[in-house]
Amino acid sequence: MASTDIEVPRESTLKPHPDGQVSDEAAESTFAEMDDHERAVPAIEFRNVHLSFDDRKILDNLSFKVQKGETKIILGGSGGGKSTTIKLVLGLLKPDEGKILVDGEDITNFNEAEMMRVRKNIGMIFQEGALFDSLSVYDNVAYRLHEQGVAEDEVEEEVRRMLRFVNLEDAIDKMPIELSGGMRRRVGIARALVGGPKIVLFDEPTAGLDPPTARTICELAIKLRDLEDVSSIFVTHEMNNVGYITSEYAVVNEAGEVVFEKEGERLCLINTKIMMLREGRTIFSGTDEALRKTEDPYITRFIRGH
Amino acid sequence: MNIATRSLLEIQETTMLAASAVRRLFRRPTYINEMIQQMDVIGVGSLTIILLTGFFTGGVLALQTYPTLKYYGAQDQTGMLVATALVRELGPVLTGLMIAGRVGSAISAELGSMVVSQQIDAMRALGTDPVRKLVAPRLIALVITLPLLTLIADAVGIGGGWVVSTQIYGMSSTAFSSAVWQGLTTNDIFGGFIKTFVFALIIGTISCRQGLQTEGGTVGVGRSTTTAVVASSIVLIVSDFFITKMLQVILDTPM
């Protein structure tokens with residue numbers, strides 16, 4: 001169990017369940033029952049999306065939804081179309097066919113100027129952090145605010161708050177070159193979270209990191225999901241990450257500290273789903289329990305690693 | 001795709017990038033600080049090589065032409081020949097080529113590295129238009145600094161010619177200077193400015209385009225940088241021919 005200082009959660013997305021089993025339908029119905037129609041609109045929706053580069057099919061009829069407050073883990077081997085999927089959400093790539101909706105708005109044919117507006121509500125964490133080499137940690141995290149012309153004292157306050165969130169306030173004056181791989185990813189997370197985006201996209205944020213650092217990154221994703229009500233897509237090919245994110249949740253204890261607890265008899269996670277891609281096609285969609293029960297030879301081999 | 005189609009596509013994309021950068025200049029936010037920073041990097045940073053290139057080009061021009069002119073008894077015209085050759089042709093072209101080598105490669109390598117390390121994607125993800133933030137300031141900085149650098153190269157080159165003519169060939173300083181003033185016209189200076197303006201656009205757009213379309217990791221960055229310098233240099237020299245011909249017609253200069 002780990003603990004961190006953080007603000008009080010806005011809303012819990014955890015639901016008690018007697019046997020700890022959650023089906024897709026049950027999770028869907030939970031969202032459908034909500035009075036707030038806004039919440040019933042998926043944060044991200046793909047409808048029959050196709051994408052090819054030259055003659056190579058990257059995504060083949062991909063359809064899925066990420067509900068508000070939900071984390072969708074996209075699993076799959078290299079070249080399966082995982083990173084492409086999140087680039088499509090941001091409009092960094094355009095699909096050949098199909099529709100992409102963000103917060104119910106069809107962004108498929110948005111031009112760059114329209115996408116800029118959509119991107120303001122989305123945070124993206126890149127594989128290697130993608131920090132701007134010429135800017136300090138402070139300036140990297142403050143980037144979005146500087147672009148918006150926010151007053152410097154407000155910028156500093158927000159930057160320090162975000163760096164505290166990722167436990168990196170001490171690195172505020174460092175340059176990206178002075179940071180380790182894990183620190184770069186965490187600064188990338190802090191930068192993506194400035195402005196409080198309600199959708200966060202993780203593109204293999206733990207690739208190449210040692211297990212404790214990878215665990216820290218997963219904890220940040222869990223905190224965003226459970227304490228900040230953020231909808232996210234977490235692209236990974238590491239089963240350890242899947243284990244953490246699908247079985248643990250973050251709560252604030254009486255001392256005001258964030259603690260991570262395992263789901264069990266008391267609570268089970270309904271806001272985390274897994275989708276597995278292979279050669280641009282969905283070969284699995286559902287909960288972690290269902291994933292582990294599947295008999296598909298590719299999936300079982302992927303899970304076991306041999 | 002054959003080479004002709006690829007070349008046409010490349011010309012189209014590069015032109016569209018330049019047009020898009022110019023369009024974005026008039027929309028907020030404007031990146032004045034980036035522009036000033038780039039002017040410092042391009043202008044002040046290139047000053048040493050431009051001074052050296054200009055001085056020795058003027059010097060060698062005098063070194064080569066004085067004996068030939070002397071053969072015809074026209075050695076007093078050395079200043080005129082050095083000045084007109086520099087202001088009309090050598091100043092803009094050599095400065096352009098030096099800047100293509102120094103600045104074009106740097107722009108392409110910087111943008112290419114940003115592409116392969118996903119910094120350009122990150123910039124777009126953070127709601128910033130890379131054309132406005134990266135391309136437009138570099139283009140403007142080049143358009144402003146290249147004429148100024150050329151002016152310096154011209155002046156220093158004439159100085160180099162003066163040093164060679166007076167110190168090596170014993171020509172009088174007054175004879176050299178009066179030949180310079182006699183030879184130069186406003187049209188020569190204006191024509192030189194027009195050329196540097198076009199060269200700046202060529203270097204800026206080709207280098208930015210090559211940088212932004214980098215693919216294939218660090219090897220790709222090297223490839224983009226080489227292509228940027230080679231393509232800028234070739235297009236610059238080819239365009240120089242056509243601009244010169246056009247200026248001869250428009251400005252009615254001697255043909």
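Brief remarks follow.
- Shielding of A:84-90 by partner chains, average beta-carbon count, 10 Å: 1
- Residue-count net charge about B:Arg88 - beta-carbon cut-off 15 Å; Lys, Arg +1, Asp, Glu -1: -3
- Sulfur and carbon atoms: percent of accessible area, chain A [1.4 Å]: 46
- Peptides B:241-247, A:151-157 ordered by average Cβ neighbours within 10 Å, highest first: B:241-247, A:151-157
- Computed about the Cα centre, the dipole magnitude for region A:213-276 is approximately 240 debye when only Lys and Arg (+1) and Asp and Glu (-1) carry charge, each at its Cβ.
- In terms of overall dimensions, the C-alpha atoms belonging to region A:52-187 reach 46, 31, 30 Å along their principal axes, ordered largest to smallest.
- Residue-normalised convex hull volume from the C-alpha trace of the protein assembly as shown: 187 Å³ per residue.
- For region A:96-168 and region B:63-84, distance of Cα centres in Å: 63
- Convex hull per residue volume in Å³, alpha carbons only, for region B:82-190: 96
- Peptide-level mean, for B:125-134, of C-beta atoms on other protein chains within 10 Å: 6
- Taking only the alpha carbons of region B:183-230, we obtain Rg and Dmax values of 16.0, 52 Å in that order.
- For chain A, the dipole from Cβ point charges (+1 on Lys and Arg, -1 on Asp and Glu) about the Cα centre works out to 920 debye, to the nearest 20.
- The residue list B:Met123, B:Thr214, B:Gly54 was ranked by how far each Cα lies along the charge dipole of chain B toward its positive end, using unit charges on Cβ atoms, and B:Met123 comes out on top.
- Along its principal axes, region B:171-255 has C-alpha extents of 58, 32, 16 angstrom, given from the largest down.
- For region A:143-242, the Kirkwood hydrodynamic radius from C-alpha pairs, put into Stokes-Einstein at 4 °C and a viscosity of 1.567 mPa s, yields a diffusion coefficient of 91 µm² per second.
- Each listed q (0.09 Å⁻¹) maps to a log10 I(q)/I(0) for chain A from the Debye sum over equal C-alpha point scatterers, namely -0.43.
- When only alpha carbons are used to place a centre, region B:1-44 and region B:176-255 end up 15 Å from one another.
- Shielding by partners, peptide B:107-115 (average Cβ within 10 angstrom, other chains): 1
- Translational diffusion coefficient (Stokes-Einstein; Kirkwood radius from C-alpha pairs) of chain B at 37 °C, 0.692 mPa s, in µm²/s: 169
- Normalised size of region A:170-306, defined as Cα radius of gyration per 2.2 N^0.38 Å with N residues, equals 1.13.
- All Cα pairs of region B:1-87, percent lying beyond 20 Å: 66
- Within straight-line cross-link reach of B:Lys195, lysines at Cα separation under 22 Å, skipping those fewer than 8 residues along the same chain: B:Lys245
- Entries of A:Lys65/A:Lys99; A:Lys82/A:Lys273; A:Lys174/A:Lys223 with Cα pairs more than 23 Å apart: A:Lys174/A:Lys223
- Placing +1 on the Cβ of every Lys and Arg and -1 on the Cβ of every Asp and Glu, with no other charges, gives region A:141-272 a dipole of roughly 340 debye about its Cα centre.
- Residue (of A:Gly77, B:Ile42, A:Met124) at the positive-pole extreme of the protein assembly as shown, dipole from beta-carbon charges: B:Ile42
- Solvent accessible area, Å² - B:Tyr66, 1.4 Å probe, full protein context: 20
- The spacing between region B:101-171 and region A:223-285, judged by their C-alpha centroids, is 50 Å.
The values are calculated or read from the model by the stated rules, or taken from the named source; none is laboratory data. None of these values were measured; they are calculated from a predicted model. Every residue, glycine among them, receives a Cβ derived from its backbone with ideal geometry; neighbour counts consider all protein chains shown. Surface accessibility is based on the protein's heavy atoms, side chains included, excluding ligands, DNA and RNA. Shrake-Rupley method; radii C 1.70, N 1.55, O 1.52, S 1.80 Å.
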